[in-house]
Amino acid sequence: MLWHGDKPIGICIFTAPARSLRLRNRCFGLKSHRGPLGRLLLQRLNRELWTLARVVLHPTYRGAGIAADFVHASCRACPVDWIETLSAMGHVHPFFERAGFRRIGVVSSQRRDERGYCQIYGGRRLSSETVRKSRHAEPVYYLFDNRKPESGHAQSF
């Protein structure tokens, strides 16, 4: 939470990561999530990586230049080595780069079926409306390295 005096003005919501995401798998060199080794991999993933699912800032405080610092500080406070996020706005606004994230790539909509959407949204079943609305979505995948003490916003990978 971000506070201005005793008034809450912002929140970052972190969640468990989706089971599989092609860009994450490529970035970390991960293979299959099936079988006994897959279970251990998923347990490790849940211990070491969280997903920044939402950032909400009160409208009065938007544009004041505090959001990137707020997200950065929120990520630094997390007890995990890595934080990932997906953002459709990443194509037009460098917000997450300003907060210390590294742009890894774009989740392509080519050859994506309902199963592919489940990987993006972390669910098992999706409504036909969600699939329809998301059919052209190509969010940017970002990663925040939380392993080392910082010397500013720049993260080394």
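Since every read-out is calculated from the coordinates, none of them should be taken as a lab result. Please read these numbers as outputs of a predicted model, since none were measured by experiment. As a convention, Cβ positions derive from the backbone with ideal geometry for all residues, glycine included, and neighbour counts pool all protein chains shown.
Quick notes
- Taking only the C-alpha atoms of segment 1-69, Rg followed by Dmax gives 17.2, 50 Å.
- Annotation: lysines with alpha-carbon distance below 24 angstrom to K133 (same-chain offsets under eight excluded): none found.
- The phi torsions of segment 85-90, fed into the Karplus equation with coefficients 6.51, -1.76 and 1.60 and a -60° offset, translate into couplings of 7, 10, 8, 5, 6, x Hz, rounded to whole numbers, with Gly and Pro shown as x.
- Net charge dipole size for segment 1-113 [Lys, Arg +1 and Asp, Glu -1 on Cβ; Debye, nearest 20]: 600
- Here K148 is the anchor, and the lysines within straight C-alpha reach of less than 27 Å, apart from those fewer than 8 places off in the same chain, are K31.
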